[in-house]
Amino acid sequence: MATVTVTELAATLDQFQAQMSEISHRIQALEKGKASANGAAAVAVLPAAAPLVLTEPAAAAITEEELLAISAAIGAYLGVRAHIRQIRLVSTSAWAQQGRVSIQASHRLQG
């Protein structure tokens, strides 16, 4: 197994943070476009945009180091070596919705 220096790790972390920032900007742009479009325009825009998200460029963005980190995390969680067959981005607002529900539920209503 290759030894990784602190500077190499810092450089990899900087690259990862830059990628995450780029992804955040893309998500914000997609959400703004979805929120500002009416129903008919949204139907016309989504089929053209959907293949871009699900095609090869998304898979090519994952480096070997990131794949190893994901594999190590899965192995640590399961306790056994796992073989990764596919990694894909699933866009859903379920986590955000659940977060809002828990925050709103924690507030005491006065009546």
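Of note:
- Screening ALA41 with (1) at pLDDT below 65; (2) in contact with a helix residue (DSSP H, G or I) (Cβ under 8 Å, 6 or more places away or on another chain) gives one miss only, at (2).
- The set of residues in the stretch 75-97 being closer than 15 Å to ILE27 by Cα, under 11 Å from the mean Cα position of the chain (by Cα) and of a type in the set (A, V, I, L, M, F, W, C) consists of LEU89, VAL90.
- Within the stretch 60-87, the residues that satisfy the criterion of being of a type in the set (D, E, K, R) and surrounded by 10 or more Cβ atoms within 10 Å (Cβ to Cβ) are GLU65, GLU66.
- Taking each residue of the stretch 18-34 that is among the small types (Gly, Ala, Ser) and looking for partners that are surrounded by 10 or more Cβ atoms within 10 Å (Cβ to Cβ) with beta-carbon atoms closer than 9 Å, six or more apart or interchain, yields GLY33/ALA42; GLY33/VAL45; GLY33/ALA49.
The values are calculated or read from the model by the stated rules, or taken from the named source; none is laboratory data. Keep in mind the model is a prediction, meaning the values are calculated, not measured. Positions of Cβ are backbone-derived with ideal geometry, glycine not excepted, and every protein chain shown enters the neighbour counts.
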